[in-house]
Structure formats: C-alpha cells, structure tokens
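The values are calculated or read from the model by the stated rules, or taken from the named source; none is laboratory data. This is a predicted model, so every value here is computed, not measured. Don't worry about glycine lacking a Cβ; one is built from the backbone with ideal geometry, like all the others, and counts go over all protein chains shown.
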Amino acid sequence: MLNKLLTLVLVREPSRVLLGLKKKGFGEGKWNGFGGKVEPGETILEGAKRELLEESGVVSNSLEEIGLLKFEFVGDPQILEVHVFTSNTFEGEIKESDGSTRIFLHFAEMRPQWFYTDKIPLHQMWADDKYWFPMFLKGSKFKGYFLFEGHEKIVKYQLDEVEKL
Ligand SMILES: CSc1nc2ncnc(N)c2[nH]1
C-alpha cells in the first residue's frame, strides 16, 4: 500500500520544546510538532523544512531525522508514514500562522508555544506521543507502528528504540 509521506519537526533547546496548537483540520486542538505532507518533487527533508517555516515562521538548517512512525486507522487502507526530525538551532522569529499562510495552499493555522521538557502537554497531544516522546527527549532514535481506532484509541502498537533509522 502506497504510504502517505508526512513530516514532523520538533525544535528543542536543552530544557524546552517548541510545539504548535493546531487550530483547524486534522488533529485540531492538539499540541504537535510542525509538519505535514511531503509534496511531489521535494525530498522528505525539504518538506520538513518547508512545513516548519510555514507553520512556525522559523528556518532550521540542521534538521536531523530521529524517528519513523507508521500510523494506520481501522477501516482505512492508507498508512501514514511520519518522518520525525529534531533541530536544536533555528533562525527567524517564531510566529503564529493563520489564514495568511494560505498563499502556500496549506491551511497551517498553528499557534507555537515553548514547553519545558517536564511539562509536555501529553494529554493534549496525539495518543501515541506519550509512548515515543520520552525516547525523543532522551535523544534516542525510534521506530514505531500504531493502529488507531478513531483518533483517540490505540488498538495495538509496536515501538522500538533503534541505533539508526
Ligand atoms: C495520526 S496519529 C499521529 N500521531 C501523531 N503524533 C504527533 N504528530 C502527529 N502528526 C501525529 N499523528
């Protein structure tokens, strides 16, 4: 089954992580990293960088891939293949994206906010994040598969820390 390629960027400093509150669409009301679909003709890395800029206003030239997550939803044959990146440097000013980002034809609508690593709002994030976020925070690489039923229930999952992706 052709997987749908998506990106997820977690910008972090030693004690805090930049997350965005999705104001519309898929994952609305959840805090999340920045990301979205990989467009035809761009690499996954280029897609990650573009989405970060569109959704948060910042540019990172040092994105490192640290995770690979595959999501399946009961009743939906499409598998979401999410490439997770982190960066500890960025340039530019963090800004809220709103309808004006529509010029990129992406309805980003994200409200960025820093969270201290001991105060990550896991209860207001996707249900899978509670499993792999601790691996991210301690600098591990990880590979996972999650089968969702609806948007909140995880039917089964597999998650492993890996040396390399
Ligand atoms: C569809 S399930 C899902 N979990 C997620 N966690 C973090 N960021 C996402 N975009 C996620 N999607």
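Residue 28 passes every criterion in (1) without any contact (Cβ under 8 Å) to a residue 12 or more places away in the chain; (2) surrounded by 13 or more Cβ atoms within 10 Å (Cβ to Cβ) apart from (2). In segment 27-38, what residues are touching a Lys or Arg at 6+ places or on another chain (Cβ under 8 Å) and part of a loop (DSSP other than H, G, I, E, B)? Of everything in segment 27-38, those that are touching a Lys or Arg at 6+ places or on another chain (Cβ under 8 Å) and part of a loop (DSSP other than H, G, I, E, B) turn out to be 28, 29, 30. Inside segment 135-150, residues that are over 11 Å from residue 70 (Cβ atoms) and either part of a loop (DSSP other than H, G, I, E, B) or under 15 Å from the mean Cα position of the chain (by Cα) (or both) make up a count of 9.
Here residue 139 meets the list (1) surrounded by 14 or more Cβ atoms within 10 Å (Cβ to Cβ); (2) closer than 18 Å to residue 11 by Cα; (3) not hydrophobic (A, V, I, L, M, F, W, C) almost entirely, failing just condition (1). In segment 5-20 there is at least one residue that is surrounded by fewer than 16 Cβ atoms within 10 Å (Cβ to Cβ), out of contact with any Gly (no Cβ under 7 Å at 6 or more places or on another chain) and within 16 Å of residue 112 (Cβ to Cβ).
Would you be able to say whether some residue in segment 44-52 is of a type in the set (A, V, I, L, M, F, W, C) and in contact with a Phe, Trp or Tyr (Cβ under 7 Å, 6 or more places away or on another chain)?
Looking only at segment 44-52, we keep the residues that are of a type in the set (A, V, I, L, M, F, W, C), and these are 44-45, 48, 52.
Subset that is in contact with a Phe, Trp or Tyr (Cβ under 7 Å, 6 or more places away or on another chain): 48, 52.
The answer is yes, given that some residue of segment 44-52 is of a type in the set (A, V, I, L, M, F, W, C) and in contact with a Phe, Trp or Tyr (Cβ under 7 Å, 6 or more places away or on another chain).
Just so you know, in segment 141-165 the residues that are touching a residue at least 60 places away in the same chain (Cβ under 8 Å) and farther than 16 Å from residue 77 by Cα include one that is nearest to the ligand (Cβ to nearest atom), and it is 144.
Evaluate the following for residue 47: is it at pLDDT 95 or above and either surrounded by 14 or more Cβ atoms within 10 Å (Cβ to Cβ) or over 26 Å from residue 153 (Cα atoms) (or both)? When the stated conditions are applied, residue 47 passes them.
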